[in-house]
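**Student:** Please find one structure pasted underneath; my questions will follow.
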């Protein structure tokens, strides 16, 4: 592990201290878990990840209309008017 130093507000420290006691884990463990969750969430928001996600759903849905690619503006306008 790498040792690092951070500064917390009084409120943050108080909440972490309370959570630490309730869960019987160290404040450091709570902070590490929070960082893990943040990194995991943010890793999926890169441009490449968004493009990959969009590509993964292509062809997964059917509108029932044969002209959606050429007449998509009309369909969007109708959908937003409803």
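Please treat every number below as a calculation from the coordinates, not as lab data. Note that the structure is a prediction, hence the values are computed from the model and not measured.
**Student:** Hey, what's the Cα Rg ratio for the chain versus the globular rule of thumb, 2.2 N^0.38 Å?
**Tutor:** 1.99
**Student:** Here's something else I'd like to know. Against the longest principal axis of the chain, how steep is helix 27-43, in degrees 0 to 90 to the nearest 10, with axes from Cα atoms?
**Tutor:** So the helix axis and the longest Cα principal axis differ by about 20 degrees.
**Student:** Using helices alone, I'd like the mean residue ellipticity at 222 nm for the chain: each DSSP H run of four-plus residues gives -39500 (n - 2.57), total over residue count, nearest 500.
**Tutor:** Rounded to the nearest 500, it is -22000 deg cm²/dmol.
**Student:** Treating the angle as unsigned and between 0 and 90°, give the value, to the nearest 10°, between the Cα long axis of helix 68-81 and the longest Cα principal axis of the chain.
**Tutor:** Approximately 70 degrees, to the nearest ten.
**Student:** In addition: May I ask for the angle, rounded to the nearest 10°, between helix 47-57 and the longest principal axis of the chain, with both axes built from Cα atoms and the value confined to 0 to 90°?
**Tutor:** The helix 47-57 is inclined about 50 degrees to the chain.
**Student:** With the calculation restricted to Cα positions, what are the radius of gyration and Dmax of region 1-43 in angstrom?
**Tutor:** Cα radius of gyration and Dmax of region 1-43 are 11.3, 31 Å respectively.
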